[in-house]
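Taking it in order: structure first as structure tokens, then the write-up.
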Amino acid sequence: MGEYECDAYPCSGNSVTGRATSPPEIILGVLNYGNVWTQGMDVAFTQIFSPKLALTGNISWYNTTEFYNELTRKSDPINAPKFKWNFNLNWDSKFGMISCGYRHVDKFVWQDGIWSGEIGPYDLFDLHYKYKINDYLSASLSCLNIFNNIHRELIGGAKMGRQIILKMTSSF
């Protein structure tokens, strides 16, 4: 069944008469690409400066950016950036645990059903603070994307900005 428009607005009565305005759209939701070749590399590291100070990081490279779709005779994106990386400096001070982080995501093409477009690039800076109140209770404050870099992390999703999260955690 196609899309229909009413001949007159508003449509009257129980039966709707109209005319076809376009052929129905067919959207492929899941497709098996068969035998594919992918390549990439993911490197993580930890540099411990002292028992209370450490630097961690991760660098990812993904060389496969698309697969050929035999049904549409076009290449489909894999919905992932070619490069992304992050670094975190963690300090367990006498005032509590403090962490500063940086994340980078390169620009990449996104396509999923009716949603398609480009995402990124974006760079985000985060701050985290955790204070242990006693053996069973701690409080934490996180400020994600402190410079309020408005961006999308997927097409069709909400724009992301600064987030501030206050959390109490109990353990027993």
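The values are calculated or read from the model by the stated rules, or taken from the named source; none is laboratory data. As the structure is a computational prediction, the values presented were derived from the model and not from experiment. Don't worry about glycine lacking a Cβ; one is built from the backbone with ideal geometry, like all the others, and counts go over all protein chains shown. Ligands, DNA and RNA are excluded from the accessible area calculation, which covers all protein heavy atoms including side chains. Shrake-Rupley method; radii C 1.70, N 1.55, O 1.52, S 1.80 Å.
Assorted remarks:
- Residues satisfying the stated conditions in the range 139-153, i.e. on the phi > 0 side of the Ramachandran plot and either open to solvent by 40 Å² or more (accessible area, probe 1.4 Å) or in contact (Cβ under 8 Å) with a residue 24 or more places away in the chain (or both): Asn148
- Failed criterion for Lys132 (all others in (1) surrounded by fewer than 17 Cβ atoms within 10 Å (Cβ to Cβ); (2) in contact with a Lys or Arg (Cβ under 7 Å, 6 or more places away or on another chain); (3) more than 21 Å from Thr46 (Cα to Cα) hold): (2)
- Check on Ile114, β-branched (Val, Ile, Thr), open to solvent by 30 Å² or more (accessible area, probe 1.4 Å) and more than 22 Å from Ala54 (Cα to Cα): yes
- Selection status of Asp76, charged (D, E, K, R), open to solvent by less than 80 Å² (accessible area, probe 1.4 Å) and either within 19 Å of Leu55 (Cβ to Cβ) or at pLDDT below 95 (or both): yes
- Residue match in the range 61-71 (condition: open to solvent by 70 Å² or more (accessible area, probe 1.4 Å) and either polar (S, T, N, Q) or on the phi > 0 side of the Ramachandran plot (or both)): no
- Enumerated strands (runs of 3 or more DSSP E) restricted to the range 92-172, each holding at least 1 residues that are closer than 30 Å to Pro77 by Cα and of a type in the set (Ser, Thr, Tyr): 96-105, 115-119, 122-132
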